[in-house]
Amino acid sequence: MNTQTSSTPWHLWAVGLVTLLWHAGGAFDYAMTQTRNMDYLQMAADEADVPLAVILEYFTDWPVWADAAWAFGVWGAVAGSLLLLLRSRFALPAFYVSIAGLALTTVHTLTSDLPDALNTPSMWGFSAIVVIVLLAVIYYSKRMIAAGVLR
């Protein structure tokens, strides 16, 4: 077993910081939605060109398991990025928790009564970007473990 570790490559810092900022955006969205921050939700409603009541009804009707999945998805990603910056091999399991949460949240979105105003190509496009970023950081974490950078 090779216990030798490599020095930290510059790209680890870049990937770690960029993904932490990216995932922090998701964490902010989660926190504002869960705390029912009306200014934030009104801004989201205005951006989607839907009444605030539509946004509130949709997010308050989520079952507990979907809320929990969303939390695991968001906070797993934040933890993964922080662990990546700490050069911990536990970044990979954190990202796996995140992708599992994302998968369950997607199942809920696909099977729920999603208002037409929220069921837009841009919403699904953004969701696809979230999946791609998460899969890329999982791949990157695996490569950094194999290179001995994450310990």
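The values are calculated or read from the model by the stated rules, or taken from the named source; none is laboratory data. All values derive from a computational prediction rather than experimental measurement. A quick note on method: Cβ atoms are made from the backbone with ideal geometry, for glycine too, and the neighbour counts reach across all protein chains shown.
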Subset of region 132-141, residues in contact with a helix residue (DSSP H, G or I) (Cβ under 8 Å, 6 or more places away or on another chain) and surrounded by fewer than 14 Cβ atoms within 10 Å (Cβ to Cβ), comes to Leu135
Kindly evaluate Ala100 against the criterion of being in contact (Cβ under 8 Å) with a residue 60 or more places away in the chain and not β-branched (Val, Ile, Thr). no
State whether the residues of region 16-27 include one that is surrounded by 18 or more Cβ atoms within 10 Å (Cβ to Cβ), farther than 24 Å from Asn119 by Cβ and over 11 Å from the mean Cα position of the chain (by Cα). yes
Is at least one residue of region 143-150 modelled with pLDDT of 95 or more, surrounded by 14 or more Cβ atoms within 10 Å (Cβ to Cβ), part of a helix (DSSP H, G or I) and in contact with a helix residue (DSSP H, G or I) (Cβ under 8 Å, 6 or more places away or on another chain)? yes
Being among the polar types (S, T, N, Q) and either assigned to a helix (DSSP H, G or I) or in contact with a Gly (Cβ under 7 Å, 6 or more places away or on another chain) (or both) is the filter here; which residues of region 34-68 pass it? Gln34, Gln42, Thr60
